[in-house]
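Single-structure report; data block below.
The values are calculated or read from the model by the stated rules, or taken from the named source; none is laboratory data. The shown structure was predicted, so the numbers you read here are calculated from the model rather than taken from an experiment. Note: ideal-geometry Cβ built from the backbone for every residue, glycine included; neighbour counts use all protein chains shown.
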Amino acid sequence: MAFVPAPLGTPIELQQRTWQEVSRANRALGRLDQASLQIPNPGLLRRPTLRREAQSTSALEGTFAPLERVLSDDEEPDENSPLGTALIEILNYVYAAEEAFALIEDGHAITVGLLEEAQRTLVRDTPSERRDPGRLRTIQVAIGNGGSSIESARFIPMPPGIELRAAVQDLVDWVKKDSDCDPVVSAAMGHYQFETLHPFADGNGRIGRMLIVLQLITHGALRQPLLSVSPWFEDHRDEYQERLYSVSAKGEWDPWVRFFSSGLAAAAEDTRSRVEDLLQLQGLYQERIQTLLPRSGLARDIASSLTGYPRFTVPSLAKRLNKATSQGIANAVNQLVDIGALEKLTGKYRHQYQAPEVMKVLTRASSWE
């Protein structure tokens, strides 16, 4: 038997302690949003946040690559190596999210077409591209069967066809019109519904977690897509899956919304802490340069980009800046090495440089409150 969820509509009843978690999540999102207003160039911090999310959301689906590699400015994945294949999938998420966020910022609504295009980008140049890329699935899928028969699957989403498309359309219509619902509760409900419909042949988990941030922006809880939600869900993977399943199996909305809200609050606080630390580093770099390299405008330009591009090669930096010779950039990079803002890597990555203090902030383990 396949499970067909009821359309979202009737407000769900939540306990007082769940509303307290919802409020805590909203406050944390508000603090993150305020922190984003302090950023002169939000795109710089958006890049590492999105790549951290890409690495973590892919790890939840069993695809892993070191965050240091994902943050690199000039990474060229080798599709013939296991790590290269993983990097293709992870960076595809970055491109898919960037496209989706750009559309929302331009005033577009969340639509079935937007989700389909995100999925098409997500599976590009991967084995999954052979199965319904960029469109709702045309095959039956099963979840939690470990490769065995469909009869032993823990969960079977609704069959493909016009009913599935209608259910996904109902979801995006609900997201558009449900502006009176608390944005955190709305995001929790929308995420559950998407994951339960499981509308694509591949990439549902990653697209579903992207949808969380898209909803929060659409409903005004965030102005910049600086929230990374997947690291918390990755650290609470078993409970995450169990809470989703319990809504379908037992109608337990309240525990799911409480769990989701706790995760959103923790993720927002963690992201805000990193944003503030990166802003502090950016100011520290400018002070060092003003004191030690007052005449090097190029060094100042490079330093101002380190929070967004903490690992690079001289050629990739020259291409990005497009305003100086490679030799001039190399000289400025060496000056930044001398004052401790950069370090040259050794071994396999000896042609790369990185900002160690920035990398430490971006790759440090989360301390969930």
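General observations
- Check on Gln34, surrounded by fewer than 18 Cβ atoms within 10 Å (Cβ to Cβ), without any contact (Cβ under 8 Å) to a residue 12 or more places away in the chain and farther than 20 Å from Arg223 by Cβ: no
- Which numbered condition Val175 misses (of (1) crowded, with 20+ Cβ neighbours inside 10 Å; (2) modelled with pLDDT of 95 or more; (3) at negative phi): (2)
- Of the residues making up the stretch 96-128, those that are buried (at least 16 other Cβ atoms within 10 Å of the Cβ), over 24 Å from Gln224 (Cβ atoms) and either out of contact with any helix residue (DSSP H, G or I) (no Cβ under 6 Å at 6 or more places or on another chain) or not assigned by TED's automatic domain parsing to the domain that holds Pro225 (or both) are Glu116, Arg120, Ser128.
- Pairs with Cβ under 7 Å, 6+ apart, first in the stretch 321-339 and surrounded by 13 or more Cβ atoms within 10 Å (Cβ to Cβ), second β-branched (Val, Ile, Thr): Leu321/Ile329; Ile329/Val314; Ala330/Val314; Ala332/Ile302; Val333/Ile302; Val333/Val314; Leu336/Ile302
- Note on the stretch 98-125: among residues that are in contact (Cβ under 8 Å) with a residue 60 or more places away in the chain and among the β-branched types (Val, Ile, Thr), the one that is farthest from Val4 (Cα to Cα) is Ile104.
- Out of Leu44, Leu37, Leu32, sole residue that is hydrophobic (A, V, I, L, M, F, W, C), over 14 Å from Leu87 (Cα atoms), modelled with pLDDT of 90 or more and assigned by TED's automatic domain parsing to the domain that holds Leu264: Leu32
- Residues of the stretch 346-363 satisfying the condition of being touching a residue at least 24 places away in the same chain (Cβ under 8 Å) and outside any helix (DSSP H, G or I): His351, Gln352, Tyr353, Gln354, Ala355
- Note on the stretch 335-345: residues that are in a helix (DSSP H, G or I) and either at positive phi or touching a strand residue (DSSP E or B) at 6+ places or on another chain (Cβ under 9 Å) (or both) amount to 2.
- Only residues that are of a type outside the set (Lys, Arg) and not in a helix (DSSP H, G or I) were counted across the stretch 217-238, and they come to 11.
- Inter-residue pairs, beta-carbon under 9 Å, first on the phi > 0 side of the Ramachandran plot and in the stretch 191-208, second crowded, with 22+ Cβ neighbours inside 10 Å and of a type in the set (Ser, Thr, Tyr), 6+ apart: Gly203/Tyr93
- Ser367 vs. criteria within 31 Å of the chain's Cα centre (by Cα) and of a type in the set (S, T, N, Q): yes
- Among the candidates Ala265, Ala249, residue that is assigned by TED's automatic domain parsing to the domain that holds Ile143 and either surrounded by 19 or more Cβ atoms within 10 Å (Cβ to Cβ) or under 23 Å from Ala118 (Cα atoms) (or both): Ala265
- Within the stretch 292-320, the set of residues being surrounded by fewer than 22 Cβ atoms within 10 Å (Cβ to Cβ) and over 24 Å from Leu67 (Cα atoms) comprises Leu292, Leu293, Pro294, Arg295, Ser296, Gly297, Leu298, Arg300, Asp301.
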